[in-house]
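These notes are about the structure you will find just below.
The values are calculated or read from the model by the stated rules, or taken from the named source; none is laboratory data. Here the structure is a predicted model, which is why all the values come from computation and not from measurement. Virtual Cβ from ideal backbone geometry, glycine too; neighbours counted across all protein chains shown. Protein only, heavy atoms only, side chains kept; ligands, DNA and RNA dropped before computing areas. Shrake-Rupley method; radii C 1.70, N 1.55, O 1.52, S 1.80 Å.
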Amino acid sequence: MNAKKTIETLQLFVTHLSNGAFVHFVQGKHFEALGLTKLGEKYVGHYTEEMEWVEKFIGRINDLGGEVKVENRGAVELVKDPVEYIKADLAIQEKGVEMLYGCMAELMNDPTTYDILKAYLVDEEEDLYWSQGQLELVEMIGRQNWLAKQL
């Protein structure tokens, strides 16, 4: 096992996931302000769920004797349109799942981290399928009907 490589990989997830989680929180609050209560709750809940993963990744870094860094990732624009946000989030999810598969292949010799990432992958794939399903639903029932379901 290469602890340094594992720590670097986990730090990457801590940085990007914590920033992405906060974006979900802000977007969720935006959707709530628009009256899209269900969609807002979905993304605020997603923030909480993602921060639980950040906590697990930080715990593993600490277990390996690493030092967790607080890194900035830069500004992110609020996406005001809910359908456009789901599209943008889906694109990020697709890249993230692909990256996660690659990271898992590199960390196979660290079964503890591998198991954490495997469980995280299951969660991320569920989120990806949800986003895909929502966009399919928009296509099937129309934007206005979909928005009405988010109230």
Output for segment 17-73, where each listed residue is outside any loop (DSSP other than H, G, I, E, B), of a type in the set (A, V, I, L, M) and closer than 29 Å to residue 3 by Cβ: 17, 21, 51, 54, 58, 61
Which listed residue, of 97, 138, 83, is part of a helix (DSSP H, G or I) and free of Cβ contacts under 8 Å to residues at least 40 places away in the same chain: 97
Close pairs (8 angstrom Cβ cut-off, 6 or more residues apart or separate chains): touching a residue at least 12 places away in the same chain (Cβ under 8 Å) in segment 103-116, polar (S, T, N, Q) and part of a helix (DSSP H, G or I) anywhere: 103/9; 106/9; 107/6; 107/9; 107/113; 110/6; 113/6; 113/9
Test: residue in segment 75-83 that is surrounded by 12 or more Cβ atoms within 10 Å (Cβ to Cβ) and modelled with pLDDT under 95: yes
Conditions (1) open to solvent by 90 Å² or more (accessible area, probe 1.4 Å); (2) over 26 Å from residue 48 (Cβ atoms); number of the one not met by residue 149: (2)
Count - residues of segment 27-42 that are under 19 Å from the mean Cα position of the chain (by Cα) and hydrophobic (A, V, I, L, M, F, W, C): 2
Answer from 24, 16 - the residue that is surrounded by 12 or more Cβ atoms within 10 Å (Cβ to Cβ), under 13 Å from the mean Cα position of the chain (by Cα), under 18 Å from residue 134 (Cα atoms) and not aliphatic (A, V, I, L, M): 24
Scan of segment 36-66 for residues that are in contact (Cβ under 8 Å) with a residue 40 or more places away in the chain, under 19 Å from residue 81 (Cα atoms), open to solvent by 30 Å² or more (accessible area, probe 1.4 Å) and not basic (Lys, Arg), ordered by number: 37
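For every residue, the table says whether it meets (1) farther than 26 Å from residue 9 by Cβ; (2) open to solvent by 60 Å² or more (accessible area, probe 1.4 Å).
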| position | (1), (2) |
| --- | --- |
| 106 | no, yes |
| 109 | no, yes |
| 119 | no, no |
| 125 | no, no |
| 129 | no, yes |
| 139 | yes, yes |
| 143 | yes, yes |
